[in-house]
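The values are calculated or read from the model by the stated rules, or taken from the named source; none is laboratory data. Since the structure is predicted, the reported quantities are computational estimates derived from the model, not experimental observations. Every residue, glycine as well, gets a Cβ built from its backbone with ideal geometry; the counts of neighbours run over all protein chains shown. In case anyone asks, the SASA skips ligands and DNA or RNA and just uses the protein heavy atoms, side chains included. Shrake-Rupley method; radii C 1.70, N 1.55, O 1.52, S 1.80 Å.
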Amino acid sequence: MRKMTLTTAVVAVMTLIANISFAQTKKYEVKSGIVTYEVTITMNGKTISTEKNILYFDEYGSKERSDKFKKEAIVGSSIYNGKTRYELNHKKKTYGEIQSAGSVGYKVNFNDIPEEDRKSGNAKELTNETILGKSCETYSYEKIKSKFSGYRGVLFLQETSSANLVTTQKAIKFEEVNVSSDKFTVPNDYTKP
């Protein structure tokens, strides 16, 4: 009886530790989804480029894929499977591995900014913004001349300024859906140069 109770207690503690560890590795507070962004670059107030990016994520952001488009044609993808980051060139059907690089999506969380920047006023919490019907945490970060808004950690808006150039990445569609696991793997017909 005592051995059974001790075993049950050990299993319970191990389960609790595993759950805490998993909770600490969550990048987003949303399990999986797809975000479509419009990326606009303006110079002196005039739009010089508009493109589309799509972010797919699963397991609270531990797996991610970002597809980049030019004129509706996919030109490149970054995949992070939780261990390795891959860069895909769709025109050449090739890929490269980047061991030291991390995930591909930006996590919006004011508390992730270094404390000295928050205390100095270099980073400031702003009033929440509503984007696509979702209340988004919003802050500015003067050190990199940017403003960020995100829903449950998922980036919905990033505006970055430098001199007379402004780059805006804004979510135009958000789907909280299951994402197929094949989105996070390199296609079989792609080769490594």
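Filtered by the rule that a residue be open to solvent by 80 Å² or more (accessible area, probe 1.4 Å) and within 23 Å of PHE57 (Cα to Cα), segment 100-157 gives SER100, TYR106, ASN111, ASP112, THR130, LEU132, ARG152.
Scanning segment 70-89 for residues that are open to solvent by 30 Å² or more (accessible area, probe 1.4 Å) and not basic (Lys, Arg) gives GLU72, ALA73, ILE74, VAL75, TYR80, ASN81, GLY82, TYR86, GLU87, ASN89.
For segment 57-68, a tally of residues being part of a strand (DSSP E or B) and open to solvent by 30 Å² or more (accessible area, probe 1.4 Å) returns 2. For beta carbons closer than 9 Å, sequence separation of 6+ or different chains, a first residue in segment 34-54 that is of a type outside the set (S, T, N, Q) and a second that is at pLDDT 95 or above and part of a loop (DSSP other than H, G, I, E, B), the qualifying pairs are ILE34/GLU176; ILE34/VAL177; ILE34/VAL179. If the condition is being in contact with a Phe, Trp or Tyr (Cβ under 8 Å, 6 or more places away or on another chain), of a type outside the set (A, V, I, L, M, F, W, C) and closer than 21 Å to SER32 by Cβ, then segment 118-157 contributes LYS134, SER135, GLU137, SER149, GLY150, TYR151, ARG152, GLY153.
Mind telling me which of the residues LYS92, LYS52 ends up being assigned to a loop (DSSP other than H, G, I, E, B) and over 19 Å from ASP182 (Cα atoms)? Going through LYS92, LYS52 in turn, just one is assigned to a loop (DSSP other than H, G, I, E, B) and over 19 Å from ASP182 (Cα atoms): LYS92.
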